[in-house]
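Peer 1: I have a structure I would like to understand better, so I am pasting it below and will then ask my questions one at a time.
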Amino acid sequence: MNHIEIREIEKSFVENGKVVPVLSGLSLSIEKGEFFTLFGPNGCGKTTLMNMLAGTEHPDKGEIKLYSESKDNYVSYVFQDFRGSLIPWKNVEDNIGFPLKIRGVKKPERTRKVEEIFERFDIKLDPKAKVYALSGGQAQLTSLLRALIVKPEVLILDEPFSALDYKTRLLMTQTIEKIWRAAGITIIFISHDIDEAIYLGDHLAILSERPARVKGMLEIPFKRPRHFKLFGTPEFAAYKKGALEIFLS
């Protein structure tokens, strides 16, 4: 069942008095509960597309259909600058619970819900730790849990691992897959790393240079749960080769 349908989206911006097309006739269908990855060159319009899904921007033409069971907790968004989006003078627990505070949830209930999400996803993180004391992976995990605390139907992740070192990226890749499986939500994951996009995704959309259009839509055949050993298999190499041929065509 489709959760999101994007139909013939067009979007332009004005830069230095000139109209710059960003998205051109872009269409996608995303199934409910899937892990959907987007791969494309830098500056092609991936983030603009995600902003439209989140409702912070609107297309010039085309339409986006969101089939939601709730009007309150539909989309959560984790940005590239995850550390900058955290509140530096608050601890981990208060950062994660901040969306609940905005909604008027009292402190004891916020604490209980943070404890629940730690238990649900088997999180090993000090809730009283200050943000400045967190490693990159811990800060990213805090940002991720803050997005999940409101129980969204859709989670958008915009190149969330780009600022992490390689080992931490691998560990976070495993963590996000585990959380997705436990949460049962739809994830849309923007990546500029083809290995990461293939490893995580159920479907992979390959976008063109700006103005972006869909160059290829691939179903990823590898069974879950996945393991890092997949990267070294001939099957993964062959699949990656095919994806890159589409990307570079």
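Peer 1: In segment 82-102, which residues are among the charged types (D, E, K, R) and touching a residue at least 24 places away in the same chain (Cβ under 8 Å)? Show your work before the answer.
Peer 2: Initially, segment 82-102 is screened for residues among the charged types (D, E, K, R), giving 83, 90, 93-94, 101.
Residues satisfying the conditions are 83, 90, 93.
Peer 1: Where residues in segment 224-249 are modelled with pLDDT under 95 and in a loop (DSSP other than H, G, I, E, B), which of them is nearest to residue 42 (Cα to Cα)?
Peer 2: Once the filter is applied, the top-ranked residue is 249.
Peer 1: Which of the residues belonging to segment 76-100 are modelled with pLDDT under 90 and touching a strand residue (DSSP E or B) at 6+ places or on another chain (Cβ under 6 Å)?
Peer 2: If the condition is that a residue be modelled with pLDDT under 90 and touching a strand residue (DSSP E or B) at 6+ places or on another chain (Cβ under 6 Å), then 79, 80 are the ones that fit.
Peer 1: Taking segment 139-157 only, how many residues are farther than 24 Å from residue 30 by Cα and either without any contact (Cβ under 8 Å) to a residue 40 or more places away in the chain or among the aliphatic types (A, V, I, L, M) (or both)?
Peer 2: Residues in segment 139-157 being farther than 24 Å from residue 30 by Cα and either without any contact (Cβ under 8 Å) to a residue 40 or more places away in the chain or among the aliphatic types (A, V, I, L, M) (or both): 2 in total.
Peer 1: So is residue 150 aliphatic (A, V, I, L, M) and in contact with a Pro (Cβ under 6 Å, 6 or more places away or on another chain) or not?
Peer 2: Numbers: aliphatic (A, V, I, L, M): yes; in contact with a Pro (Cβ under 6 Å, 6 or more places away or on another chain): yes.
The answer is yes for residue 150.
Peer 1: Follow-up. With the checklist (1) in a loop (DSSP other than H, G, I, E, B); (2) surrounded by 15 or more Cβ atoms within 10 Å (Cβ to Cβ) in hand, flag the one item residue 146 doesn't pass.
Peer 2: Every condition holds for residue 146 apart from (1).
Peer 1: Now, a different point. If I filter segment 149-184 down to residues being in a helix (DSSP H, G or I) and small (Gly, Ala, Ser), which single residue comes out as surrounded by the fewest Cβ atoms within 10 Å (Cβ to Cβ)? Even if it seems obvious, please write down each step before you answer.
Peer 2: Residues of segment 149-184 in a helix (DSSP H, G or I): 166-183.
Okay, now just the ones that are also small (Gly, Ala, Ser), so 182-183.
Values: 182: 12, 183: 17.
Looking at the filtered set, the residue picked out is 182.
Peer 1: Tell me yes or no: at least one residue of segment 104-119 is without any contact (Cβ under 8 Å) to a residue 40 or more places away in the chain and over 19 Å from residue 151 (Cα atoms). Give the steps one after another, and end with the answer.
Peer 2: Looking only at segment 104-119, we keep the residues that are without any contact (Cβ under 8 Å) to a residue 40 or more places away in the chain, and these are 104-119.
Next, from what is left, pick out any that are over 19 Å from residue 151 (Cα atoms): none.
No, segment 104-119 contains no residue that is without any contact (Cβ under 8 Å) to a residue 40 or more places away in the chain and over 19 Å from residue 151 (Cα atoms).
Peer 1: Can you list residue pairs whose Cβ atoms sit under 7 Å apart, with the first residue in segment 158-178 being under 14 Å from residue 83 (Cα atoms) and the second being among the aliphatic types (A, V, I, L, M)? Count only pairs 6 or more apart in sequence or on different chains.
Peer 2: 158/50; 158/78; 158/190; 159/190; 160/78; 161/172; 164/172
Peer 1: On to the next question. Inspect all residues belonging to segment 86-98 and state whether any of them is among the basic types (Lys, Arg) and either outside any loop (DSSP other than H, G, I, E, B) or surrounded by 17 or more Cβ atoms within 10 Å (Cβ to Cβ) (or both). Talk me through it step by step, then tell me what you get.
Peer 2: Kept after step one, since they are among the basic types (Lys, Arg), are these residues of segment 86-98: 90.
Now drop any that are not either outside any loop (DSSP other than H, G, I, E, B) or surrounded by 17 or more Cβ atoms within 10 Å (Cβ to Cβ) (or both), which leaves none.
Within segment 86-98, not a single residue is among the basic types (Lys, Arg) and either outside any loop (DSSP other than H, G, I, E, B) or surrounded by 17 or more Cβ atoms within 10 Å (Cβ to Cβ) (or both).
Peer 1: Take residue 61 and tell me if it is without any contact (Cβ under 8 Å) to a residue 60 or more places away in the chain and in contact with an Asp or Glu (Cβ under 6 Å, 6 or more places away or on another chain). If you could, list the steps in order and put the result at the bottom.
Peer 2: Values: without any contact (Cβ under 8 Å) to a residue 60 or more places away in the chain: yes; in contact with an Asp or Glu (Cβ under 6 Å, 6 or more places away or on another chain): yes.
Judged against the criteria, residue 61 is a match.
Peer 1: Something else: Kindly establish whether residue 108 is farther than 22 Å from residue 189 by Cα, over 19 Å from the mean Cα position of the chain (by Cα) and surrounded by 17 or more Cβ atoms within 10 Å (Cβ to Cβ). Full working, then the answer.
Peer 2: On the way: farther than 22 Å from residue 189 by Cα: yes; over 19 Å from the mean Cα position of the chain (by Cα): yes; surrounded by 17 or more Cβ atoms within 10 Å (Cβ to Cβ): no.
When the stated conditions are applied, residue 108 does not pass them.
The values are calculated or read from the model by the stated rules, or taken from the named source; none is laboratory data. The model shown is predicted, which means the values in this text are computed figures rather than measured ones. Positions of Cβ are generated from backbone atoms using ideal geometry, with glycine treated the same way; all protein chains shown enter the neighbour counts.
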